[in-house]
Amino acid sequence: MDELSVVVVGAGPVGLAAAARLLERGLRPLVLEAGPQAGAAVAQWRHVRLFSQWSELIDPAARRLLEGTGWRAPNPDGYPTGEEWAAQYLVPLAEALGDHVRVNARVVGVARRGRDRVVDAGRDSEPLTVHVEGGERITARAVVDASGTWGSPNPLGGDGLPAAGEREAADRIGYRVPDVVNEVERYAGKRIAVAGSGHSALTALVTLADLAERHPGTHVTWLLRRGTVGAVFGGGEADQLPARGALGLKAQAAAKAGHVEVVTGFRTAAVERDGDRVVLVSQDGHRLDPVDEVVSLTGFRPDHSWLSEVRLDLDPVLQAPTKLAPLIDPNAHSCGTVYPHGANELRHPEPGVYLVGMKSYGRAPTFLALTGFEQVRSVVAEIAGDHESAAKVELTLPETGVCGGSGVFDIAEPESSGGCCGGLAVADLTLTAPSARV
């Protein structure tokens, strides 16, 4: 077993950090990336600027590996776009890892060699087998799943399933932050509905509000499932991630200026065609005016389908590891109250299998890169047999920000709260209830 590779699924920020840690421990990493390059998912949101600085986006072990190649770190105080993060850090890191990284290698299954999930015997002695699209089988001592959730966006439907007609209207619905620079004709002068309350939704609102200022006739409607705006704009100047706080302030200003119409208490049940446009219908039967485009940014969910033959211990609500779920549940925790966690909380009944990064958080929306870097430091120490180091997890996350997920939309919220995500008065916003738009 000691001679086998540790397979890391996904060449994103956390997966590559895991590989760098494995190399430092003298282990053999093999990173399998489904996309055509390292950071393939990050590259798809290349136009979006992160609210974390470069100093918070580079794993320490990865930095040490890169500096050995002559790489020079970007300005630590800068805020990269997805394109810059990929080009200036992830791609060079993959190059430094060399043959330990393979692209265009999609993992389609993981199992215990010669045993399905029902068989007890040999689960702690037989290696794992990793099935790669095309028929290849790789024998591994451990599997670290850092594949993320980018490929599994939540649907527009308010009950977690696609709304009636949602699939049929796929040409009018996008599930990513729009790239209005390269797709200006798609959005300029159009009626656009944005659904969601997290950072992606705020980013889309700010971008589209700016487009509306430059292109008359552009109309943006923001759909919130919750009954009030409450703390959705985040912590503002109190946010320890200044760029994240500024994002919320910009979105709030756009709403106040009338560039964004806010509709609360709207949970989409159906999408109906109206010529080239679509009409969104709430579960209460309320209908919005027809729109040209829908931007659905209601979060992501993990895909566990290719892990069906290994034994996972997942929380039934968040789909995160059971020990981790209470620490990150958005119904109980904010961005700054996630406790340090590592191999112990990420361990599953299947020996040698770990879910890390965004995927480890299941449906919780509060993940930061710093969290993933500490996760893989602990997990790799555990795989290497350094249980003392694995148990010493330390993590300090910036407080405040947009923390709530869909699980809190029914909770009555004051117009200005004093919690991690509060502090911004929104009483002067003009809101539109669905009942006013029948």
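The values are calculated or read from the model by the stated rules, or taken from the named source; none is laboratory data. None of the values given here were measured: they were computed from a predicted structure. Methodologically, a virtual Cβ is constructed for each residue, glycine included, from the backbone with ideal geometry; neighbour enumeration extends over all protein chains shown. Keep in mind that these areas ignore ligands, DNA and RNA; they rest on the heavy atoms of the full protein, side chains included. Shrake-Rupley method; radii C 1.70, N 1.55, O 1.52, S 1.80 Å.
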Hey, can you find the accessible area per residue of the stretch 53-98 for me, probe 1.4 Å, expressed in square angstrom? 46 Å²
Tell me, what is the FRET efficiency for ARG117 and THR139 to the nearest 0.05, using R0 = 22 angstrom and their Cβ-Cβ distance as r? 0.75
Treating the Cα atoms of the stretch 54-140 as identical point scatterers in vacuum, please give the log10 of the normalised Debye intensity I(q)/I(0) at q = 0.15, 0.25 Å⁻¹, two decimals. -0.74, -1.15
Along the principal axes of its C-alpha atoms, what lengths does the stretch 1-99 span, in descending order and rounded to whole Å? 42, 27, 19
Enclosed volume per residue, in Å³, of the convex hull spanned by Cα atoms of the stretch 79-236: 234 Å³
Whole-Å distance, taken between Cα centres, linking the stretch 89-146 and the stretch 170-198: 37 Å
Which percent of the accessible heavy-atom area of the stretch 1-98 goes to carbon and sulfur, probe 1.4 angstrom? 48 percent
Over all pairs of different Cα atoms in the stretch 57-105, the reciprocal of the mean inverse distance gives a Kirkwood radius in Å of 11.5 Å
What part of the accessible area of the stretch 310-367, given as a whole %, is carbon or sulfur when the probe is 1.4 angstrom? 55 percent
